[in-house]
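Student: Below are the structure tokens for one structure; questions will follow.
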Amino acid sequence: MSNYHIKHLEEYFQVYRKSVREPENFWGEVAEEHFVWRKKWKNVLSWDFTKPEIKWFEGAKLNITENCIDRHLRTRGDKTAIIWEPNDPGEKALHITYNNLHERVCKFANVLKSKGIKKGDRVCIYLPMIPELAISVLACARIGAIHSVVFAGFSSTALATRINDADCKMVITADGSFRGSKTIDLKGIVDEALEKCSSITSVLVAKRIKAAINMKEGRDEWLQPLLDNASPQCEPEIVDAEDPLFILYTSGSTGKPKGMVHTTGGYMVYTAYTFKNIFQYRENDVYWCTADIGWITGHSYIVYGPLANGATTVMFEGVPSYPDFGRFWEIVDKHKVNQFYTAPTAIRALAKKSLDFLTTYNLSSLKVLGSVGEPINEEAWHWYNDNVGKGNCPIVDTWWQTETGGIMISPIPYATPTIPTYATLPLPGIQPALMDEEGNEVKGNLVDGRLCIKFPWPSIARTIWGNHERYKDTYFSAYKNMYFTGDGALRDAVGYYRITGRVDDVVIVSGHNLGTAPIESAINEHPAVAESAIVGFPHDVKGNALYGFVTLKEVGETRDRDNVRNEINQQITEHIGPIAKLDKIQFVNGLPKTRSGKIMRRILRKIASNDLSNLGDTSTLLNPDVVEEIINGKLD
Ligand code: ATP
Ligand code: MG
């Protein structure tokens, strides 16, 4: 039996049982057999959720880039590590081999050193999806500097807040970025942000769009000439397993983002382990995750997890709609992608369009499909399964968070039978618990509750940067000795988990707790519906009633809107029950979303409750314009 690579269901159960009965032996063996350590650990694990304090592989020494790059050079030096696909399909894709990656990371690391960056310093990376992004992340890790990647779609205010929160010394950026048919003046945004940041001593600028930009004397420098003069050799800085690797801010769906701190050893072991199993990666596969490296999905499953396995990982600079809605499928066809990992928001956006965008491409290379970021509704699941996977590719609905570092609940392809909307079973080492409102664990099957995790796993975030109290309050105070996820879930008759939405979004109607995901999934079953979001609003009799915001598909179905309203409520009655019927249904052109594409129900809740004075900052949204539109079209 191999702990590292699970191939069938019986093996999953055996491995899972071992991981729960003897977690230290289990993770100790995985770590020992599959990674390079400069010094072995004293303890596999020590932990105390009341403080909270969690340490994995304490006393061990390593460098994560040695595991992600150097150790592959002997056998995989000429293998492609990163396929970079540019925004414009007319520009040539790049194939960066492991040898080449090694050289570029070493040079970059030497540049960082020459600018005075040392182990433990924070470096803010504000770059588009160009090779320099992955390379600068790895260069920081090479010298033990802590990277803080900020998604390059964020505003100057959001960037300044994150730079100041982490007290960064340097910013790495570009002269601009291409995004579909647009260009974005990244350097201008950085200049504006830095007016509010005193900790930054240097700014390195990659050339991408060849825009004329301002360079501040003594602070800003072009990256390329520095790289050209740097040595291609850089010995890795050997760090402790518990030294911080990076800070990454949560998406901010529920409020002020939190700077989660991930450390080195446990994060490496867990992301590599889950990558191998969840995507069933085989030596010559081409794997593509469409996320941006600015999110945790990109950190763990574009950069660290794949590279630690010596994989070929695709990095895409552009957007799914440019030059048209067939772009994803064109890339799958072009690079013969075997594993494809995206978000429900992208699937729903593509499903809204004509199938002709997809059918022109050959997708037969695909073996495994993944979903992450939000609950995937049933309709989107089937569209993905039927049209993209042609019924032949297992779909892994992966539930996890910035805080968890790696995927927590997910099917393992060819082992776990999948069911739409179910994230299914916990991965080895993950011990979920459902809790009721009184703080008791709800045992057995066919139950629901608040999703907690009762035992540490290697990639759990160790703290919130500069605010350990907030870390304790947010995750470890709601339930004794448990990590609280903030999400609700149900466990079905066979023990499968279904995420029902964020606990903050649950609506109590006539005393019943209603999660958002199952109701939205029922609404989206309607053939004319593209996407929906439900929220509660005060109601005299029921306490709360449900308000649905619904976008319609662009193709096919043209029906009378009142009929659609009635049919939606019928669907809800059939799938869930009359208790969940919507009192109001408003058709809208778009739903407010975070920059990572998640529906922001808290804004809709305020609109539905007429609490317009209190919308908060909507400028951080992906599509701030829809808010005004929704308010204007609001039903009274
Ligand atoms: P913030 O914590 O700042 O409000 P966020 O929770 O959106 O932002 P992330 O860490 O990016 O930040 O997202 C994690 C959340 O995304 C989970 O807690 C869950 O609500 C949702 N999520 C992720 N994957 C899935 C999935 N497969 N099924 C259901 N929900 C998911
Ligand atoms: Mg969250």
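Student: Positive end of the charge dipole of the chain (Lys, Arg +1 and Asp, Glu -1 on Cβ, about the Cα centre): tell me which of 421, 278, 527 has its Cα farthest that way.
Tutor: Looking along the dipole axis, the top candidate is 278.
Student: Which FRET efficiency value, to the nearest 0.05, do you get for residue 47 and residue 11 by plugging their Cβ-Cβ distance into 1/(1 + (r/R0)^6) with R0 = 25 Å? Kindly include the intermediate steps, with their values, before the conclusion.
Tutor: Details: r = 27 Å, r/R0 = 1.10.
Calculated transfer efficiency: 0.35.
Student: What percentages, rounded to whole numbers, describe P(r) for the chain computed over all alpha carbon pairs with 20 Å bin width beginning at zero?
Tutor: Result returned by the calculation: 19, 56, 24, 1.
Student: Given labels modelled 7 Å from the Cα in the Cβ direction, how far is it in nm from residue 438 to residue 614?
Tutor: Here the modelled spin labels are 3.1 nm apart.
Student: Moving to a separate point now. Which is farthest toward the positive dipole end of the chain among 377, 455, 269, measuring Cα position about the Cα centre, with Cβ charges +1 (Lys, Arg) and -1 (Asp, Glu)?
Tutor: Result: 269, furthest along the dipole toward the positive end.
Student: Taking C-beta distances below 4.7 angstrom as the pairing criterion, name the unpartnered cysteines of the chain, in sequence order.
Tutor: 68, 140, 197, 289, 393, 452
Student: A follow-up question, please. When only Cα pairs under 8 Å and 6 or more residues apart are kept, what is the percent relative contact order across segment 502-592?
Tutor: On the way: 153 pairs, mean separation 27.1, N = 91.
Contact order relative to length: 30 percent.
Student: Identify the trypsin sites (Lys or Arg not before Pro) of segment 457-494 meeting these criteria: DSSP loop state and at most 13 other C-beta atoms within 10 Å of the C-beta. Numbers along the way, then the final one.
Tutor: On the way: sites: 462, 470, 472, 480, 491; in loops: 462, 480.
Counting only loop positions with at most 13 other Cβ atoms within 10 Å, the trypsin sites (Lys or Arg not before Pro) in segment 457-494 are 480.
Student: Among 252, 52, 433, pick out the residue whose Cα is farthest towards the positive end of the charge dipole of the chain, where Lys and Arg carry +1 and Asp and Glu carry -1 on C-beta, about the Cα centre.
Tutor: Positive-end residue among those listed: 52.
Student: Another question, then. Relative contact order (percent) for segment 217-325, with alpha-carbon contacts under 8 angstrom and 6 or more residues of separation? Write down the numbers at each step before the final one.
Tutor: Details: 109 pairs, mean separation 20.9, N = 109.
Relative contact order of segment 217-325: 19 percent.
Student: Moving on. What is segment 341-453 by shape, rounded, prolate or oblate, if you read a ≥ b ≥ c off the alpha carbon gyration tensor as root eigenvalues and call it rounded for a/c under 1.5, prolate for a/b larger than b/c, and oblate otherwise?
Tutor: Working: a/c = 2.49, a/b = 2.11, b/c = 1.18.
Prolate, because a/c is 1.5 or more and a/b exceeds b/c.
Student: Hey, how many Å between the Cα centroid of segment 49-112 and the Cα centroid of segment 202-253?
Tutor: Each part reduced to its Cα centre gives a spacing of 15 Å.
Student: Okay, helix-only estimate at 222 nm for the chain: each DSSP H run of n ≥ 4 adds -39500 (n - 2.57), divide by all residues, round to 500 deg cm²/dmol; what do you get? Kindly include the intermediate steps, with their values, before the conclusion.
Tutor: Working: 20 runs with 184 residues, N = 636.
Per the formula, -8000 deg cm²/dmol.
Student: Now for a separate question. Students often forget the sequence filter, so: which lysines lie under 24 Å Cα-Cα from residue 256 once same-chain residues fewer than 8 apart are removed?
Tutor: 51, 169, 196, 472, 593, 598, 606
Student: Can you bin segment 48-96 into rounded, prolate or oblate? Criterion: square roots of the alpha carbon gyration tensor eigenvalues sorted a ≥ b ≥ c, rounded for a/c under 1.5, prolate for a/b above b/c, oblate for the rest.
Tutor: Oblate shape, in that a/c is at least 1.5 and b/c is the bigger or equal ratio.
Student: Something else about it: Quick check for me: using +1 on Lys/Arg Cβ and -1 on Asp/Glu Cβ, what's the dipole size of segment 430-512 about its Cα centre, in debye to the nearest 20? Don't skip to the answer; put the middle values down first.
Tutor: Numbers: 10 positive and 11 negative charges, 70 e Å.
Charge dipole of segment 430-512: 340 debye, to the nearest 20.
Student: Quick one: give the max-minus-min coordinate of the C-alpha atoms of segment 281-350 along each principal axis, largest first, in Å.
Tutor: Result, largest extent first: 33, 25, 18 Å.
Student: Give me the dipole magnitude in Debye, nearest 20, for segment 1-46 about the Cα centre, with unit charges on the beta carbon: positive for Lys and Arg, negative for Asp and Glu. Display every interim value, and only then the final one.
Tutor: Working: 8 positive and 7 negative charges, 51 e Å.
In debye, rounded to 20, segment 1-46 gives about 240.
Student: Which number comes out as Rg/Rh for segment 101-248 once both Rg and the Kirkwood Rh are worked out on C-alpha atoms? Don't jump to the answer; show the numbers that get you there.
Tutor: Working: Rg = 14.3 Å, Rh = 15.2 Å.
My calculation of the ratio gives 0.94.
Student: Would you please name the GluC sites (Glu not before Pro) within segment 556-595 that are DSSP coil residues with at most 14 other C-beta atoms within 10 Å of their C-beta?
Tutor: On the way: sites: 557, 567, 574; in loops: 557.
When the GluC sites (Glu not before Pro) of segment 556-595 are filtered for loop state and at most 14 Cβ neighbours within 10 Å, 557 remain.
Student: Could you size up the charge dipole of segment 434-576 around its Cα centre, putting +1 on the beta carbon of Lys and Arg and -1 on that of Asp and Glu, and report it in debye to the nearest 20?
Tutor: Values: 15 positive and 21 negative charges, 122 e Å.
It comes to approximately 580 debye.
Student: Restricting the count to DSSP beta bridges whose residues both fall in the chain, what percent are antiparallel, rounded to a multiple of 5? It would help to have the intermediate numbers written out before the result.
Tutor: Numbers: 55 of 93 bridges.
Of all bridge pairs located within the chain, approximately 60 percent are antiparallel.
Student: For the peptides 65-73, 122-130, 183-191, what is the packing order when you average, over each peptide's residues, the other Cβ atoms within 10 Å and list the highest mean first?
Tutor: Values: 65-73: 21.9, 122-130: 25.6, 183-191: 19.8.
In descending order of packing, they fall as 122-130, 65-73, 183-191.
Student: Need one number: nm distance between label points at residue 561 and residue 467, each 7 Å from Cα along Cα→Cβ, rounded to one decimal.
Tutor: A separation of 4.1 nm, rounded to one decimal place.
Student: While we're on this one: Which value in Å is the Kirkwood Rh of segment 1-116 over different Cα pairs?
Tutor: Numbers: mean 1/r = 0.0562 Å⁻¹.
With all distinct Cα pairs of segment 1-116 included, I get 17.8 Å.
Student: Which three semi-axes in whole Å describe the equivalent ellipsoid of segment 1-47, each the square root of 5 times a Cα gyration tensor eigenvalue, listed largest first?
Tutor: Numbers: eigenvalues 97, 38, 5 Å².
Calculated on Cα positions only, the semi-axes equal 22, 14, 5 Å.
Student: Right, next: Around residue 208, under 13 Å between beta carbons, what's the net of Lys plus Arg minus Asp minus Glu among the other residues?
Tutor: Around residue 208, the charge tally is -2.
Student: Could I ask something else about it? Under 1.5 on a/c is rounded, so check that first for segment 80-159, then, if it is not, pick prolate when a/b is larger than b/c and oblate when it is not; a ≥ b ≥ c are the square roots of the alpha carbon gyration tensor eigenvalues. Don't skip to the end; give the middle numbers.
Tutor: Values: a/c = 2.82, a/b = 1.19, b/c = 2.36.
Judged from the Cα gyration tensor, segment 80-159 comes out oblate (a/c at least 1.5, b/c at or above a/b).
A short reminder: the numbers here are calculations on the coordinates, not readings from a lab. Treat the numbers as computed from the prediction; the structure is a model and nothing was measured. Don't worry about glycine lacking a Cβ; one is built from the backbone with ideal geometry, like all the others, and counts go over all protein chains shown.
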